[in-house]
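Chemist: Once you've had a glance at the structure underneath, I'll fire off some questions.
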Amino acid sequence: MGKKVAIVGFGQTYQRSSRRDVNGVELINEAVTAALADADITIKDIDAVVIGNMDHFEGINYVDMWSVEGAGAVMKPIIKVTTGGTTGMTVAMSAYYHVASGMFDRVLAIGWEKNSESDTTGAIITAFHPVWERPNLGGAIAGLAVEASKYMDNYGVTERDGARVAVRERLHALNNPYAHLHQEWMKGMEVDKLVELLVTSEQNQMLAYPLRMSDMCPRTDGAAAVVFASEGVAEKTASKLAWVAATANRHDFVFLGDIDWDFNQTMGDAAKKVFAKAGIKDPLKEIDLCELYLPYSYGGLKWMENMGFCGPGEGPRLLWDKITDMDGELPVNPSGGVMSSNPIGATALLRVGEAAWQIMRKSGPRQVQKNVNYALATGFGGCSWADVMLLSSKKPA
Amino acid sequence: MGDWKSEVKNIVYEGQIKVPYKWNVGETGSRFFIGLRDKQEIWGVQCPQCKKVYVPPLKTCGTCFVNTDQWVKVANTGTVESFTVVNYSHGMQPAKPPLVYGLIKLDGAGGSFVHLIGGIDPAKVAMGMKVKAVFADKREGTILDIKHFAPV
Ligand SMILES: [Zn+2]
């Protein structure tokens, strides 16, 4: 067994559609500076850095070297990790492994993206197989639309159920000053009324049935940084800690046609693995909060089922029973989630940082009332792989 | 000290990189494409252990980690398992929207095949619909040698 590892600091930039006032390196530096301040340490206390983004968004292939001044990594060990949508989580996992190995005391994980610098759809398409899947691809959203369609057909799920997820995420984002989308017009309106508006408004363009504009994540410029520290060092570094209880990642088949479209196998299996490792038998009762990588609304239904929070087809019930709202039994994405901010390489690391802050009770207006002992953070790569990390208020046994 | 910022108009530098990649399909994939191009046939490979038939072919079964060297001809017909009608446009799309994109379970294949559905009003496409591969008139050994799947 490796050393126990805790998160001691988290920082992020304000998530915005375009940050023309800074280049990528300067953007990275803002998040790093904020994370160091949060942990009340300086860059001298950092032993190694793990950094990631999705290369094709900026057309720069060696961010470990290119960012070195902004990342605070001059003459230090720095490694680039890039895994598409899961990049931010893989960066966190890699930083965790560095510390758990016993070879480093404090490791800085950085995720970032400047989505405004390229054609997002064009760059995402580079994740698909060039010979077998790109020539006949409907677009980046089409695959998710096919998944949602099948899920709806399997369980009689409706467009209103999808819209209810979108409403939750956007209402939560109103509490998060860092979120990219602040849909102020939604403030104070009834949930039912908002759902009705989203599924009937002609302004809410149907991109690919059943996915409307409101069902999708935005494209964002932003960065996030998280500091991981080893047991013994962590307790001396910060008074509030979020311990890593377990982490897992899973990939299945490369071709879209070979994956199981009825069940998100990678997300389901990675979640099952971390729950088993932490001795969690009833996730809905024992997990206190989730920060999930939901790039689109129907993920907030189907993937909840696949991770074991409820049975098949029961996702809509969790949602409409307000269980996943801010003051529910299992708040999901108090930050507003990916559908409110999506700086892709930072997106999954934001899930980790936000989940850690909820445990540390540092989340300000988006802090949930209940005590958070276990918080689950996920990363999703399309299509379809998953990285998952379970955080705990208590040092794991 | 911060005054200078109010006078700066941010500059954006326009890149010009275009990289003309060429990808090796490999002999397994090439045989599949030759089947489409020359005979309008769809072939898969079968795993000797789990017996799954992969279409498109994979040289290695990921589940069993053994090579799949048994070629199996599958039908040109199949069933629509799911689909979407894409309304947005992007330069990389193979056809103008609205285009129908879906999962087709070919008769005899182990998994599904993701491709375009055509020859039908998009509003009339349905789950469970039986479809047949329509081949392109001019075939060049690519996945688009199957123009789309149309109702039987
Ligand atoms: Zn096999």
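Chemist: Suppose we keep only residues that are out of contact with any strand residue (DSSP E or B) (no Cβ under 8 Å at 6 or more places or on another chain) and within 14 Å of chain A (Cβ to nearest Cβ) within the range B:137-152. Which one would you say is surrounded by the most Cβ atoms within 10 Å (Cβ to Cβ)?
Modeler: Here the residue is B:LEU144.
Chemist: Sticking with this one: Consider B:VAL134 carefully, then state whether it is among the aliphatic types (A, V, I, L, M) and open to solvent by 20 Å² or more (accessible area, probe 1.4 Å).
Modeler: So B:VAL134 passes the test.
Chemist: For the range A:228-250, check the following and say yes or no: at least one residue is surrounded by fewer than 24 Cβ atoms within 10 Å (Cβ to Cβ), within 14 Å of chain B (Cβ to nearest Cβ) and touching a residue at least 12 places away in the same chain (Cβ under 8 Å).
Modeler: yes
Chemist: Another question, then. Please specify each residue of the range A:181-212 satisfying the condition of being part of a helix (DSSP H, G or I) and not basic (Lys, Arg).
Modeler: Those that are part of a helix (DSSP H, G or I) and not basic (Lys, Arg): A:GLU184, A:TRP185, A:MET186, A:VAL191, A:ASP192, A:LEU194, A:VAL195, A:GLU196, A:LEU197, A:LEU198, A:VAL199, A:THR200.
Chemist: Quick one: count up the residues across the range B:20-47 that are farther than 13 Å from B:ILE143 by Cα, small (Gly, Ala, Ser) and more than 16 Å from the ligand (Cβ to nearest atom).
Modeler: 1
Chemist: If I ask for residues that are among the small types (Gly, Ala, Ser) and assigned to a strand (DSSP E or B), which ones from the range A:1-35 would you list?
Modeler: Within the range A:1-35, A:ALA6, A:GLY9, A:GLY11 meet the criteria.
Chemist: Continuing with this model, one more query. Quick check on this structure: which one of A:GLY364, A:GLY300, A:GLY315, A:GLY345 is under 10 Å from the mean Cα position of the chain (by Cα) and not hydrophobic (A, V, I, L, M, F, W, C)?
Modeler: After ruling out the rest, the residue left standing is A:GLY345.
Chemist: Out of all the residues in the range B:48-56, is one or more more than 11 Å from chain A (Cβ to nearest Cβ), within 12 Å of the ligand (Cβ to nearest atom) and over 25 Å from A:LYS150 (Cβ atoms)?
Modeler: yes
Chemist: Does B:GLU7 count as within 12 Å of chain A (Cβ to nearest Cβ) and either away from the ligand (no atom under 16 Å from the Cβ) or in contact with a Ser or Thr (Cβ under 8 Å, 6 or more places away or on another chain) (or both)?
Modeler: For B:GLU7, the condition - within 12 Å of chain A (Cβ to nearest Cβ) and either away from the ligand (no atom under 16 Å from the Cβ) or in contact with a Ser or Thr (Cβ under 8 Å, 6 or more places away or on another chain) (or both) - is not met.
Chemist: Name the residue, out of B:LYS22, B:LYS39, that is open to solvent by 100 Å² or more (accessible area, probe 1.4 Å) and within 12 Å of chain A (Cβ to nearest Cβ).
Modeler: Step by step, each of B:LYS22, B:LYS39 is checked, and only B:LYS22 is open to solvent by 100 Å² or more (accessible area, probe 1.4 Å) and within 12 Å of chain A (Cβ to nearest Cβ).
Chemist: Only one of (1) out of contact with any Lys or Arg (no Cβ under 9 Å at 6 or more places or on another chain); (2) within 25 Å of A:ALA179 (Cα to Cα); (3) not in a loop (DSSP other than H, G, I, E, B) fails for A:LYS44. Which number is that?
Modeler: (2)
Chemist: Please list, ordered by first then second residue, the pairs with beta carbon atoms under 8 Å, 6 or more apart or interchain, first in the range A:135-156 and facing another protein chain (nearest Cβ under 8 Å) and under 15 Å from B:VAL80 (Cβ atoms), second of a type in the set (Asp, Glu) and not in a helix (DSSP H, G or I).
Modeler: Matching pairs, first to second residue: A:LYS150/A:ASP262; A:LYS150/B:GLU81.
Chemist: For the range A:102-134, how many residues meet the condition of being farther than 21 Å from A:GLY24 by Cβ, within 14 Å of chain B (Cβ to nearest Cβ) and either part of a loop (DSSP other than H, G, I, E, B) or open to solvent by 30 Å² or more (accessible area, probe 1.4 Å) (or both)?
Modeler: Residues flagged as farther than 21 Å from A:GLY24 by Cβ, within 14 Å of chain B (Cβ to nearest Cβ) and either part of a loop (DSSP other than H, G, I, E, B) or open to solvent by 30 Å² or more (accessible area, probe 1.4 Å) (or both) within the range A:102-134 amount to 7.
Chemist: Among the residues of the range B:99-131, write down those that are open to solvent by 50 Å² or more (accessible area, probe 1.4 Å), part of a loop (DSSP other than H, G, I, E, B) and more than 9 Å from chain A (Cβ to nearest Cβ).
Modeler: B:ASP107, B:GLY108, B:GLY119, B:ASP121
Chemist: I would also like to ask the following. Can you name every residue in the range B:76-94 that is more than 9 Å from chain A (Cβ to nearest Cβ) and either within 16 Å of the ligand (Cβ to nearest atom) or open to solvent by 30 Å² or more (accessible area, probe 1.4 Å) (or both)?
Modeler: Those that are more than 9 Å from chain A (Cβ to nearest Cβ) and either within 16 Å of the ligand (Cβ to nearest atom) or open to solvent by 30 Å² or more (accessible area, probe 1.4 Å) (or both): B:ASN76, B:THR77, B:THR79.
Chemist: Could you grab the pairs with beta carbons closer than 9 Å, sequence gap of 6+ or different chains, first residue in the range A:308-328 and within 22 Å of A:GLU159 (Cβ to Cβ) and open to solvent by 30 Å² or more (accessible area, probe 1.4 Å), second one modelled with pLDDT of 95 or more and part of a loop (DSSP other than H, G, I, E, B)?
Modeler: A:PRO312/A:ASP262; A:PRO312/A:PHE263; A:ARG317/A:CYS310; A:ARG317/A:ILE323; A:ASP321/A:GLY328; A:ASP321/A:GLU329; A:LYS322/A:GLY328; A:LYS322/A:GLU329
Chemist: A follow-up question, please. Within the range B:57-75, how many residues are in a strand (DSSP E or B) and either within 8 Å of the ligand (Cβ to nearest atom) or in contact with a Ser or Thr (Cβ under 9 Å, 6 or more places away or on another chain) (or both)?
Modeler: Looking only at that region, the number is 4.
Chemist: Please enumerate the residues belonging to the range B:36-56 that are more than 18 Å from the chain's Cα centre (by Cα), in a loop (DSSP other than H, G, I, E, B) and polar (S, T, N, Q).
Modeler: The answer is B:GLN49, and nothing else.
Chemist: A:ASN23: open to solvent by 40 Å² or more (accessible area, probe 1.4 Å), modelled with pLDDT of 95 or more, out of contact with any His (no Cβ under 8 Å at 6 or more places or on another chain) and within 14 Å of another protein chain (Cβ to nearest Cβ), yes or no?
Modeler: Spelling it out, A:ASN23 is indeed open to solvent by 40 Å² or more (accessible area, probe 1.4 Å), modelled with pLDDT of 95 or more, out of contact with any His (no Cβ under 8 Å at 6 or more places or on another chain) and within 14 Å of another protein chain (Cβ to nearest Cβ).
The values are calculated or read from the model by the stated rules, or taken from the named source; none is laboratory data. Treat the numbers as computed from the prediction; the structure is a model and nothing was measured. Note: ideal-geometry Cβ built from the backbone for every residue, glycine included; neighbour counts use all protein chains shown. What goes into the accessible areas is simple: the full protein's heavy atoms, side chains included, and nothing from ligands, DNA or RNA. Shrake-Rupley method; radii C 1.70, N 1.55, O 1.52, S 1.80 Å.
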